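Coordinate-derived values only; no laboratory data. These numbers were taken from a predicted model, which means no experiment stands behind them. Backbone-built Cβ (ideal geometry, glycine too); neighbour counts: all protein chains shown.
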Amino acid sequence: MNTNLSQLKLGQKAVIDSFTDNQMSLKLLEMGCTPGEIISLDRIAPMGDPIAITVSGYLLSLRKAEASTVLVSVLA
């Protein structure tokens, strides 16, 4: 199932497919969010923003607006 990162539910894992924003993609690539990388949604702030994902062996915090630019394939 293809969706964007901001749509994942707590505990779900996914594979990064691509990005919708070129400027934001450069920032995310520098932080280890590369296509093909497996990520998991580990934490969601009480008001829903920001979220924390595990990527490349570390915890990364992203705002929902940033996460919505990352297209992922959910792993079963």
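Using only side-chain charges placed at the Cβ, +1 for Lys and Arg and -1 for Asp and Glu, the dipole size of the chain relative to its Cα centre rounds to 200 debye. Packing here is the average count of other Cβ atoms within 10 Å per residue, and on that basis the peptides 66-72, 3-9, highest first, run 66-72, 3-9.
Take every Cα pair under 8 Å in the chain that's 6+ residues apart, average their separations, divide by the length, and report that relative contact order as a whole percent. List each step's numbers first, then the result.
Working: 148 pairs, mean separation 35.7, N = 76.
Normalised by residue count, the contact order of the chain is 47 percent.
Shown here: log10 I(q)/I(0) by the Debye sum over Cα atoms at q = 0.14, 0.21, 0.25, 0.28 Å⁻¹, derived from the displayed model; of the candidates (1) -0.38, -0.94, -1.44, -1.91; (2) -0.35, -0.84, -1.24, -1.59; (3) -0.61, -0.87, -1.09, -1.24, it corresponds to (2).
Each Lys or Arg adds one and each Asp or Glu subtracts one; over the other residues with Cβ under 13 Å from the Cβ of ILE53, this totals +2. Evaluating 6.51 cos²θ - 1.76 cosθ + 1.60 at θ = phi - 60° for every residue in the stretch 53-66, the Karplus couplings come out as 10, 9, 8, 6, x, 9, 8, 10, 9, 9, 6, 4, 4, 5 Hz, glycine and proline recorded as x.
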